[in-house]
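Chemist: Got a structure for you, questions after.
The values are calculated or read from the model by the stated rules, or taken from the named source; none is laboratory data. All of these numbers come straight from a predicted model, not from anything done at the bench. Note: ideal-geometry Cβ built from the backbone for every residue, glycine included; neighbour counts use all protein chains shown. Note: accessible area is taken over every heavy atom of the protein model, side chains too, but ligands, DNA and RNA are not part of it. Shrake-Rupley method; radii C 1.70, N 1.55, O 1.52, S 1.80 Å.
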Amino acid sequence: MISEKPVPASRAGRLMQMGRLAGGLAGGMLGAGLRQVAAGNLPTMGDMLLTPANATRLTNRLSEMRGAAMKVGQLLSMESNDLLPPQLTEILARLRQDAHAMPIGQVDAVLTKAWGESWQDRFSRFVFTPLAAASIGQVHEAMTVDGHHLAIKIQYPGIRQSIDSDVDNVAGLLSLFNMVPAETLKPLLQEAKIQLHAEADYLAEAQHLESFAEHLAGDDGFIVPRVHGELTTVDVLAMEYMAGEPIEKIAGQSQRQRDCLATRLLGLSLRELFSWGLVQTDPNYANFLYQQNQDRIVLLDFGAARCYNQQRRNALGRLMLAGMQDDMVMLKQAAVEVGYLGDSDAPAYVEAIIQLLSMATEPARVTEGFDFTTNDLSQRMSQLLFKLRMENRLWRMPPPDILFLHRKLGGMYMLCSKMQARVDVGKLVEQYARPYSSI
């Protein structure tokens, strides 16, 4: 059940929340340090900071604030889990779960601002208990008086106006306690601001939704909700209500069905990148539902859609094809084009990056289909990446748009693993990436 907490809407209120969090963490550190010393131990910063009590303080406060504060925690947990202390990764991972919901009075205030005082007259039914609550907004089910069954996404008040200050405040908090290395923090937080401003524009999300609908026209394997334009504003997105089972719960279906659905999802990811240049970069499992009677996948939440230009798509096509063919010369050239490598990189660093990219494209080299259930690729890549970051002072983050692509493809890998699927990845790369590899 989703619990209710008012969203602090003003910048002053949100700054006060961050101050309370910093003070609580510092107090928790002091108490933990004294207990360790009394027991005859010499505590480290991690021992004092990342205690169970502080873990609860951090996740609860960011979850209550929602918005950029919560989103930054989510991004760090997904993009930096090979570099952060394991305790902090585990803490931040909790923020991927549902947030607190707004109280009814705050929901009413947001909708009154968007639709006017008599907004409830438009509906024969409006369910105030949300279907889901996340970092930017929450979703409600409703039925209009003229019979439209809708899912209505409502943005939390003050979120859009507080994005930059929220991100800066979280950056200050993490730097103050030395939780995250500065070289990791800066590019992620700068990109987080850009991404959050895009996600907070529900009119732009409606356009992305309609673009996906156009791209998928005639494809019976997928469906996206139709936008209800009359009720959609920059703060409220009204769309057709879509029912379905959570996609990750099909593990009990036949192997053939699981393999077909996973192939369909991975194929869609490659089509988004190479065929359309428009990628939905949020791999949250809740964004995919399965309608078994129609054998189709429902696609939800397009706030994190990003555009990739032709030059970027061509370079990525060459990278994927080089990895599939295990062509180290071509892989190095493509890695430079994409931004993984620079002209001044040391030979040992170049070799390590090429090894990492070769490992990442391993699924495309398995001729009989890649088994996502039994393969240890994720663990091997994590170990290599951690070693690379620890041993190379010149390590740099990939370009921001590539980081979000990592997020999407990594999430799809985990989803296919959860579905216990086998997929001929090489065939999909041949179909969608090869046409761009020679451009």
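Chemist: Rg to Rh for region 312-437: what is it, with Cα atoms only and Rh by Kirkwood?
Modeler: Values: Rg = 14.4 Å, Rh = 15.1 Å.
My calculation puts Rg/Rh at 0.95.
Chemist: Between ALA217 and LEU356, what length in nm is gained on full extension when 0.36 nm per residue of separation is reduced by their alpha carbon distance? Let's see the in-between values first.
Modeler: Details: separation 139, 0.36 × 139 = 50.04 nm, distance 3.72 nm.
So the extension gain works out to 46.3 nm.
Chemist: In whole Hz, what ³J(HN,Hα) sequence does region 364-370 give by Karplus (6.51, -1.76, 1.60; θ = phi - 60°), x for Gly and Pro?
Modeler: Ordered by residue, 3J(HN,Hα) equals 6, 9, 7, 6, 8, x, 8 Hz.
Chemist: So, one more: Under the 0.36 nm per residue contour assumption, what length would be gained going from the current alpha-carbon distance of THR129 and MET328 to full extension?
Modeler: On the way: separation 199, 0.36 × 199 = 71.64 nm, distance 5.43 nm.
In short, 66.2 nm is gained.
Chemist: Non-local amide H neighbours of HIS140 (under 5 Å, H modeled in plane, Pro and chain starts lacking H): which ones?
Modeler: LEU131, ILE152, LYS153, ILE154
Chemist: For HIS228, HIS149, write out the residues from largest to smallest accessible area, computed with a 1.4 angstrom probe and no ligands counted.
Modeler: Numbers: HIS228 35, HIS149 65 Å².
Solvent-accessible surface, decreasing: HIS149, HIS228.
Chemist: Please report, in debye to the nearest 20, how large the charge dipole of region 320-439 is about its Cα centre when each Lys and Arg carries +1 at its beta carbon and each Asp and Glu carries -1 there.
Modeler: Numbers: 13 positive and 14 negative charges, 85 e Å.
Here region 320-439 has a charge dipole of around 400 debye.
Chemist: Can you list residues whose amide H is under 5 Å from ARG296's amide H, if they're 5+ apart or on another chain and H is modeled 1.01 Å from N?
Modeler: GLN291
Chemist: For the residue pair ILE104 and SER275, what label-to-label distance in nm results when each label sits 7 Å from Cα along the Cα-to-beta-carbon direction?
Modeler: Result for the modelled spin labels: 4.7 nm.
Chemist: Something else now. Take CYS307 and ASP121, extend 7 Å from each Cα along the Cα→Cβ direction, and tell me the distance between the two endpoints in nm.
Modeler: Going by the 7 Å Cα→Cβ label model, 4.0 nm.
Chemist: Using 0.36 nm per residue, how much length does the chain from GLN257 to ALA346 gain when fully extended, once their Cα-Cα distance is taken away? Could the numbers behind the result be given before it?
Modeler: Details: separation 89, 0.36 × 89 = 32.04 nm, distance 4.68 nm.
Result: 27.4 nm gained on full extension.
Chemist: Still on this structure, I have one more. Which ³J(HN,Hα) values in Hz, rounded to whole numbers, follow from the phi angles of region 132-144 under the Karplus curve 6.51 cos²θ - 1.76 cosθ + 1.60, where θ = phi - 60° and Gly and Pro get x?
Modeler: Ordered by residue, 3J(HN,Hα) equals 7, 9, 10, 6, 9, x, 9, 10, 10, 8, 8, 10, 6 Hz.
Chemist: Give, as ranges by residue number, the residues of region 300-325 whose backbone N falls under 16 Å from the point 7 Å along Cα→Cβ of ARG365.
Modeler: It comes to 319-325, nothing else.
Chemist: For region 219-371, what does the alpha-carbon gyration tensor say about shape, rounded, prolate or oblate, given a ≥ b ≥ c as the root eigenvalues, a/c under 1.5 as rounded, and a/b over b/c as prolate?
Modeler: On the way: a/c = 2.94, a/b = 1.61, b/c = 1.83.
Oblate is the answer for region 219-371, as a/c is 1.5 or above yet b/c matches or exceeds a/b.
Chemist: Heavy-atom accessible area per residue, region 301-439, 1.4 Å probe: how many Å²?
Modeler: Numbers: 6770 Å² over 139 residues.
Ligands and nucleic acids excluded, the figure is 49 Å² per residue.
Chemist: Could you give the distance between the Cα centres of region 196-266 and region 344-362, to the whole Å?
Modeler: Here the two parts' Cα centres lie 36 Å apart.
Chemist: State the percentage of accessible surface on region 306-387 attributable to carbon and sulfur atoms; use a 1.4 Å probe and exclude ligands, DNA and RNA.
Modeler: Working: 2180 of 4170 Å².
Within region 306-387, the accessible surface is 52 percent carbon and sulfur.
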